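The structure appears below as structure tokens.
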Amino acid sequence: MLFVPRFVFVLVCVFVLSACTPQAAFLASLIPQNTLNVVLGNLGVVTGNLERVSDENRRRVAELEQRGDWKGLASLAERNLRDDRSNADWWLIAGYARSQLHDHRGAAEAYGEVLRLEPDNPAGWHLLAQSYRAAGDPNRAVNVLENALLALRDSPVTYYLLGESYADLQRHDQAAAAYRAAVKIEERFPAAWFGLAKAYGRLGRAAEAREAQARLEKLDPKLAQRLRDGS
């Protein structure tokens, strides 16, 4: 029987965010503003199946993750990386473990290694940017995501995260432009409509904010209610 860690399972969920709620702890520990579910829910990650990790190590990763033994998971990743530093899967696991330990800079270093090995890996780009956001460095996140767009053309998630990073910086014009690009590529993207409505509201563009909110209401009434509540 193949044991798959919960965090790996969530990486391969595609547009099924409601099925990924057990990942709330990871979401809260890594990403401000509850955006990790959007990142992971839309990736289709190349390394999501941990193809370069043995069955025995998959079981070990699953056990450590289930126990919440993040130091043990980090140590396991580090031991394997000493043997093979070219294994992007172990760098992904290392980044996850470090994020759970609130070592967001260390997580960013690990995700940077994923990108060095696999420059077109969307998980590496998105999680690297989100690690910088979690570390309180949205400027670095913006830089990462702008570079990501050179490798991940027409990625609505990349544009959405760029909008979130600009919003962190209170650069609402640029945030709105990024959210607009996201919904232009993927019209059924509630989180991006949510961000767009908030950005327009902060810019005083009331009519456009109402239009974005109306689109959100059709896609996700609960999220629209959060917008009305000022969340």
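The values are calculated or read from the model by the stated rules, or taken from the named source; none is laboratory data. The structure presented is a predicted model; accordingly, all values stated were derived computationally and were not measured. Cβ sites come from the backbone with ideal geometry, for glycine too, and all protein chains shown count toward neighbours.
Which residue out of 219, 203 is surrounded by fewer than 19 Cβ atoms within 10 Å (Cβ to Cβ) and in contact with a Pro (Cβ under 6 Å, 6 or more places away or on another chain)?
Result: 219 is the single residue among 219, 203 that is surrounded by fewer than 19 Cβ atoms within 10 Å (Cβ to Cβ) and in contact with a Pro (Cβ under 6 Å, 6 or more places away or on another chain).
Here is a list: 225, 213. Which entry is in contact with a Leu (Cβ under 7 Å, 6 or more places away or on another chain), surrounded by fewer than 24 Cβ atoms within 10 Å (Cβ to Cβ) and farther than 30 Å from residue 121 by Cβ?
Sole residue among the options that is in contact with a Leu (Cβ under 7 Å, 6 or more places away or on another chain), surrounded by fewer than 24 Cβ atoms within 10 Å (Cβ to Cβ) and farther than 30 Å from residue 121 by Cβ: 213.
How many of the residues making up region 133-158 are modelled with pLDDT of 95 or more, out of contact with any Ser or Thr (no Cβ under 8 Å at 6 or more places or on another chain) and buried (at least 24 other Cβ atoms within 10 Å of the Cβ)?
The total comes to 1.
Considering only residues that are over 23 Å from the mean Cα position of the chain (by Cα) and not in a helix (DSSP H, G or I), look in region 58-85 and name the one that is farthest from residue 100 (Cα to Cα).
84
Can you tell which of 167, 197 is modelled with pLDDT of 95 or more, aliphatic (A, V, I, L, M) and buried (at least 23 other Cβ atoms within 10 Å of the Cβ)?
Answer to the selection: 197.
Let me confirm something: among 201, 163, 195, which residue is among the small types (Gly, Ala, Ser), under 15 Å from the mean Cα position of the chain (by Cα) and either assigned to a helix (DSSP H, G or I) or under 29 Å from residue 89 (Cα atoms) (or both)?
163
Just a yes or no: is a residue in region 168-176 closer than 18 Å to residue 192 by Cα, outside the structural domain of residue 193 (by TED's automatic domain parsing), among the hydrophobic types (A, V, I, L, M, F, W, C) and not in a loop (DSSP other than H, G, I, E, B)?
Among the residues of region 168-176, not one is closer than 18 Å to residue 192 by Cα, outside the structural domain of residue 193 (by TED's automatic domain parsing), among the hydrophobic types (A, V, I, L, M, F, W, C) and not in a loop (DSSP other than H, G, I, E, B), which makes the answer no.
Can you report the number of residues in region 204-225 which are assigned to a helix (DSSP H, G or I) and more than 20 Å from residue 157 (Cβ to Cβ)?
The qualifying residues number 14.
Does region 120-134 include one or more residues that are over 17 Å from the mean Cα position of the chain (by Cα), outside any helix (DSSP H, G or I) and more than 18 Å from residue 168 (Cα to Cα)?
Looking for residues that are over 17 Å from the mean Cα position of the chain (by Cα), outside any helix (DSSP H, G or I) and more than 18 Å from residue 168 (Cα to Cα), one finds none in region 120-134, hence no.
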